[in-house]
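Each remark here refers to the structure printed beneath this line.
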Amino acid sequence: MQHIKRILVANRGEIACRIMRTAHKLGLRTIAIYAEPDAQAPHVRMADEAWPIEGPSPTGAYLNMDAILEVAEKAGAHAIHPGYGFLSENADFARRVIKAGIRFVGPRPDAIEQMGDKSTAKAAMEAAGVPTVPGYHGEDQSPDRLLEEARRIGFPVLIKASAGGGGKGMKVAESVADFPDALESAQREALNAFGSNHVLLEKYLPVARHVEVQLLCDAHGHALYIGDRDCSVQRRHQKILEEAPAPGLSDALRAAMGEAAVRCARAIGYVNAGTVEFLLGPDDAFYFMEVNTRLQVEHPVTECVSGLDLVEWQLRIADDQPLPFTQDDVQLQGHAIEARIYAEQPAKAFLPSTGRLTQVVWPETSAGLRVDHAVESGTEVSAWFDPMLAKMIVHAPSRDAAINRLFEALCHTRIEGVQTNLDYLCHLLATDTFREARLHTRLCEEHPPGKQRLQEAVLPHAVAALLQEGRLQIPRPLRQWAWSSNTPIYETCFTLSAGDEHFHLNARLEGDTVSLRWRDAQHCFQIRWSETSGKVSVRAAQENVWRNVSYVYTEHTLILTEPELAIVSHQHQTSWEADSTAPENDTLAPMSGTVIKVLKSTGDTVEAGDTIMILEAMKMEHPVRASHEGILEKLFVSEGNTIREGQSLFTYASGKDGKEKDDD
Ligand code: ADP
C-alpha cells in the first residue's frame with residue numbers, strides 16, 4: 001500500500017476483526033478503539049494497538065466522533081475504516097475524517113449524504129432513469145397529507161423511515177384504519193433510532209425478492225458489479241439468510257440489474273465498495289430500494305463466489321489504486337450461503353436475548369466453511385449492541401450442496417447462555433420453499449418458528465438414528481415368543497416432535513427389525529448398525545435398497561442431515577404429561593429494555609389483544625398485549641423505566657368483572 005500504513009477500525013465485534021484480518025494480510029498496522037465493557041473483547045486483542053474511548057453509553061462511545069478522531073490523530077492513523085453500523089454511513093464523520101487529513105474507507109461524503117436519506121436517494125435514482133417502487137417521498141409530513149398519499153398509492157402501504165436502516169422505523173399499513181397507528185409507531189421508532197421522524201411511503205409488494213448487487217468503484221472511473229445476492233429471507237425486515245448468486249435469475253436479468261446498479265453508482269460519482277438493493281417482482285420487474293454506502297454484513301458470500309477480498313479492494317481503492325480487472329474478468333464460481341446467528345427468541349417475535357455466553361462451540365473449520373464472529377465463552381451479550389453473534393458462511397459447487405453443508409455446520413454449533421435462532425435457521429434451510437429456491441421476503445412469515453412439520457418418511461430414519469445412538473429407553477423384553485427365534489422382543493413408546501407437531505410412536509424391536517406404529521400407520525424396516533456414531537442404514541420391509549442416514553445428536557435433539565434435513569426432539573411416554581402447553585404469562589417482560597409508552601391505566605378494562613405498553617430494546621419496539629380480557633389492577637412500571645427480562649410489568653384480573661384473579 002502506498003499511502004495507508006496504519007489503519008484505525010472505528011467499530012467492534014466480528015466486523016472489526018474481519019477488517020483487521022485483511023489489514024494484517026496487507027501488512028498494515030491496526031488500531032482498535034473500545035468502549036469500557038469491550039476492554040477484553042476479541043477485536044481489542046487482535047489489534048496492534050487498542051485505545052479506550054468514552055461516551056454517554058457503550059454504544060455512544062463508538063459514535064463519539066471527537067474521541068475517535070482524537071485517537072486517530074494521536075495514533076497516527078492514515079485511514080479509518082468504519083465497518084458497518086455506527087458511523088459507517090455518517091457523512092459528517094466522513095467529512096471530519098477527511099478534513100483531519102485521514103483517508104475515509106468509503107465513498108465521498110456527499111454520496112453518503114445523498115444515499116443516506118431514502119427520500120433523496122429515490123429522487124436521485126428516478127432522475128438517473130433507475131426504476132423505483134411507486135410511492136411518496138415528499139417534504140410534506142403532515143399526517144393528513146401522508147394518509148392522502150397512502151390512499152393514492154393504494155394499500156397495503158409500507159411506511160419507511162427516510163433515515164432508516166436495519167429494518168427499523170418500517171411498518172406495513174394494511175388499510176386506512178391501520179394507517180395512523182402504523183405511522184405513529186414508524187415515526188417514534190425512526191426518531192429514537194435515527195434522530196429524525198421523516199418518513200416515506202411505498203407501495204408494499206407482498207410477493208417480492210430482495211436482490212442486491214455488489215459494486216466496486218475506484219477513483220479512476222472504473223465501476224464494476226461483482227455479482228448479485230439474494231437476501232429475501234428476513235425477519236423483522238432484517239436479513240438472516242443470504243446467498244450468492246441469487247438463484248434462478250436469467251443471464252439477461254442479472255446483467256440488467258448489474259448495469260442498473262452501475263448506472264446508480266455513476267449518477268452519484270460513487271467510489272469504493274457499495275451495494276444497490278432492489279426489489280424483484282415475480283414478473284422479473286425490479287425496483288431500486290436503496291444504496292448501502294458501506295461494506296454489507298453479507299459481503300462474505302460475494303467474496304466466496306468471486307474469490308475477491310472486498311475489504312482488500314476497499315483499502316486499495318482508498319489508497320488510490322485503480323481496479324486492475326474488468327467486468328469480463330469477474331467470474332463467479334459455485335454457490336455461497338450465509339446464516340446470521342442472533343441472540344434472540346424466535347418464538348417471542350424474535351426479541352433479542354441477553355446474558356453471558358456460558359459455552360460457545362464452532363464446527364471444525366474446513367474448506368468451504370467460514371465463521372465470522374467475535375464471541376467466546378464468557379462474552380456478555382448486552383442490550384447495548386446488535387444481537388448478531390456470528391455469521392456462518394459456506395461455499396460449495398452447487399446450491400444444494402451449500403444448503404446441506406450449512407445445515408450440518410449449524411448443527412455442530414453450540415451457543416449457551418442466551419437463546420439463539422440456530423434451530424430456526426436449520427428449520428428454514430430444511431423447508432421445501434427454501435430448498436426449491438421459492439424465495440420471497442415473507443418466507444419467514446410463511447414458515448414461522450415452532451411451526452415446522454415433520455414428514456412421516458423421516459420417522460423410520462429418526463428412530464434408527466436414536467437406536468444407533470442408544471437414546472431410546474428400552475424396557476425389559478415383553479415376552480419371548482415360543483415359536484420365534486431366540487431373539488427377544490422389546491416394545492417401547494415415545495414421542496417425536498418437530499415444532500408444534502408430535503407423533504406418538506410405538507416401536508417393537510426384534511433384533512435389527514423394527515415395526516413402528518403411529519396414528520393409523522405402520523412401517524416395518526431393518527437397521528444396519530454402524531461402527532461410528534452419526535451414521536446408520538435403513539431398509540424398508542418391501543424394499544431392496546439400504547438408505548444411509550446421517551445425523552447429529554445433541555441433548556434430546558436429533559438433527560438428520562441425510563437422506564433429508566430435519567430436526568426432531570424425542571420424549572418418552574412417561575413424560576408426555578409433563579409437556580404442559582400452558583400459555584406464557586403475558587404480564588412478564590419478554591425482554592430486557594425500556595418502557596417507552598404506557599397506553600393503559602390502573603382500573604382500565606382491557607380486551608384481548610389490547611396494547612398495554614410498548615417496550616423497546618436495541619432500537620426496536622415491541623408492544624405488550626393482553627392475552628385475554630380483564631381489568632388492569634396494578635402497573636409496576638412507567639414510561640422511561642429500564643426493565644429486565646422476566647420482570648413483572650402489571651397484574652390484571654381476568655373477565656369483565658375482574659373476579660377471576662390472575663397470578664403474575
Ligand atoms: P433498511 O434500510 O431498513 O434495511 P430497506 O429499504 O432496505 O430498509 O428494506 C428492508 C426490507 O424491507 C427489504 O429487504 C424488503 O424485504 C422489505 N421492503 C422494502 N421495501 C418494500 C416494499 N416496497 N414492498 C415490500 N417489501 C419491501
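The values are calculated or read from the model by the stated rules, or taken from the named source; none is laboratory data. Values in this document were obtained by computation on a predicted structure and should not be read as measured data. We place every Cβ from the backbone using ideal geometry, glycine too, and count neighbours over all the protein chains shown. Side chains included, ligands, DNA and RNA excluded: accessible areas come from the protein's heavy atoms. Shrake-Rupley method; radii C 1.70, N 1.55, O 1.52, S 1.80 Å.
What FRET efficiency would be calculated for the residue pair Glu629, Leu599, taking the C-beta separation as r and a Förster radius of 22 Å, to the nearest 0.05?
Working: r = 16 Å, r/R0 = 0.71.
About 0.90, to the nearest 0.05.
Where does the charge balance sit around Thr22 when Lys and Arg score +1, Asp and Glu -1, over other residues with C-beta under 9 Å from its C-beta?
+1
Please report the relative contact order for segment 194-343, taking Cα pairs under 8 Å with a sequence separation of at least 6, and give it as a percent rounded to a whole number.
Numbers: 261 pairs, mean separation 43.0, N = 150.
It comes to 29 percent, rounded to a whole number.
Would you kindly state the longest site-free stretch of the chain, with sites defined as chymotrypsin sites (Phe, Trp or Tyr not before Pro) in a DSSP loop (not H, G, I, E, B) surrounded by at most 15 other Cβ atoms within 10 Å? All intermediate terms of the calculation are to be shown ahead of the outcome.
Details: sites that count: Phe325, Trp481, Trp483, Trp529, Trp546, Trp576, Phe636.
Longest stretch, sites excluded: 1-324.
How far apart, in nanometres, would the label points at Glu543 and Asp520 be if each is projected 7 angstrom from Cα along the Cα-to-Cβ direction?
Here the modelled spin labels are 2.4 nm apart.
Angle check, please: helix 251-267 long axis (alpha carbons) against the longest principal axis of the chain (alpha carbons), in degrees 0 to 90, nearest 10.
Taking Cα atoms only, the helix is inclined about 30 degrees.
With every protein chain kept in place and ligands, DNA and RNA left out, what is the accessible area per residue of the chain? Probe 1.4 Å, answer in Å². All intermediate terms of the calculation are to be shown ahead of the outcome.
Numbers: 28180 Å² over 664 residues.
With all protein chains present, the chain gives 42 Å² per residue.
Counting other C-beta atoms within 10 Å, and keeping those with at most 16, which DSSP coil GluC sites (Glu not before Pro) do you find in segment 1-91?
Details: sites: Glu14, Glu49, Glu54, Glu70, Glu73, Glu89; in loops: Glu54, Glu89.
Here the GluC sites (Glu not before Pro) that fit, given the DSSP loop and packing criteria, are Glu54.
Report the charge-dipole magnitude of segment 1-145 in Debye, nearest 20, computed about the Cα centre from +1 at each Lys and Arg Cβ and -1 at each Asp and Glu Cβ. Please report the intermediate quantities before stating the final value.
On the way: 17 positive and 18 negative charges, 168 e Å.
Using only the charged Cβ atoms, the result is roughly 800 debye.
At a 1.4 Å probe radius, which order do Asp520, Asp329, Asp610, Asp283 fall into by accessible area, largest first?
Numbers: Asp520 155, Asp329 90, Asp610 40, Asp283 110 Å².
Ranking Asp520, Asp329, Asp610, Asp283 by accessible area, largest first, yields Asp520, Asp283, Asp329, Asp610.
What is the calculated FRET efficiency for Glu148 to Arg236, with r their C-beta to C-beta distance and R₀ = 22 Å, to the nearest 0.05? Don't skip to the end; give the middle numbers.
Working: r = 28 Å, r/R0 = 1.29.
Once the sixth-power term is evaluated, E becomes 0.20.
Counting alpha carbon pairs within less than 8 Å and at least 6 residues apart, what relative contact order, in whole percent, applies to the chain? Intermediate results must be reported in sequence, preceding the final value.
Details: 1470 pairs, mean separation 56.5, N = 664.
It comes to 9 percent, rounded to a whole number.
How large is the accessible surface of Thr420 in square angstrom, using a 1.4 angstrom probe and rounding to the nearest 10?
It works out to around 30 Å².
For a quick check of understanding: with a 1.4 angstrom probe and all protein chains in place, what accessible area in square angstrom does Thr326 have, to the nearest ten?
The value for Thr326 is about 70 Å².
Among the lysines, select those whose C-alpha is under 23 Å from the C-alpha of Lys99, and discard any that sit fewer than 8 residues away in the same chain.
Correct list for Lys99: Lys5, Lys74.
How far, in nm, would the chain grow between Lys203 and Arg95 when pulled straight, counting 0.36 nm per residue and subtracting the alpha carbon separation?
Extra length available between Lys203 and Arg95 comes to 35.4 nm.
Using 7 Å Cα-to-Cβ label points, what is the Ser654/Asp181 separation (nm, one decimal)?
It works out to 2.4 nm between the two label points.
So for Arg45, Arg236, what's the accessible-area order with a 1.4 Å probe, most first?
Working: Arg45 135, Arg236 70 Å².
So, going from the largest accessible area down, we get Arg45, Arg236.
Counting alpha carbon pairs within less than 8 Å and at least 6 residues apart, what relative contact order, in whole percent, applies to segment 586-654? Numbers along the way, then the final one.
Values: 170 pairs, mean separation 29.2, N = 69.
RCO, segment 586-654: 42 percent.
What angle do you read, to the nearest 10 degrees and between 0 and 90, between the alpha-carbon axis of helix 13-25 and the longest principal axis of the chain?
Approximately 70 degrees, to the nearest ten.
Mind giving me the FRET efficiency for Ala39 and Glu510? R0 is 41 Å, r the Cβ-Cβ distance, nearest 0.05 is fine. Please report the intermediate quantities before stating the final value.
Numbers: r = 62 Å, r/R0 = 1.52.
The calculated FRET efficiency here is 0.10.
Using 0.36 nm per residue of separation minus the Cα-Cα distance, give me the extension gain between His222 and Ser530 in nm, one decimal. Don't skip to the end; give the middle numbers.
On the way: separation 308, 0.36 × 308 = 110.88 nm, distance 5.74 nm.
Extra length from His222 to Ser530 when fully extended: 105.1 nm.
Rounded to the nearest percent, how much of the accessible area of the chain (1.4 Å probe, protein heavy atoms only) is carbon and sulfur? Mind dumping the intermediate values first?
Details: 13610 of 28180 Å².
On the chain, the fraction of accessible area on carbon and sulfur atoms equals 48 percent.
Quick check: pseudo-label points 7 Å beyond the Cα along Cα→Cβ at Leu26 and Gln331, how many nm apart are they?
Roughly 2.5 nm, to one decimal.
Assuming 0.36 nm per residue, please report the length gained on full extension of the stretch Ala437 to Glu126 beyond their Cα-Cα distance.
Numbers: separation 311, 0.36 × 311 = 111.96 nm, distance 3.07 nm.
Here the segment from Ala437 to Glu126 would lengthen by 108.9 nm.
Run down the lysines and flag those whose C-alpha is under 16 Å from the C-alpha of Lys348, throwing out any fewer than 8 positions away in its chain.
Lys451
Kindly sort Arg539, Arg29 by accessible area of their heavy atoms, largest first, with the probe set to 1.4 Å.
On the way: Arg539 60, Arg29 95 Å².
Descending accessible area places them as Arg29, Arg539.
Using a 1.4 angstrom probe and counting only protein chains, how large is the accessible area of Leu158 in Å², to 10?
In the full protein context, Leu158 sits at about 10 Å².
Going by alpha carbons, how many degrees (0 to 90, nearest 10) lie between the helix axis of 399-411 and the longest principal axis of the chain?
Between the helix axis and the principal axis of the chain, the angle is about 70 degrees.
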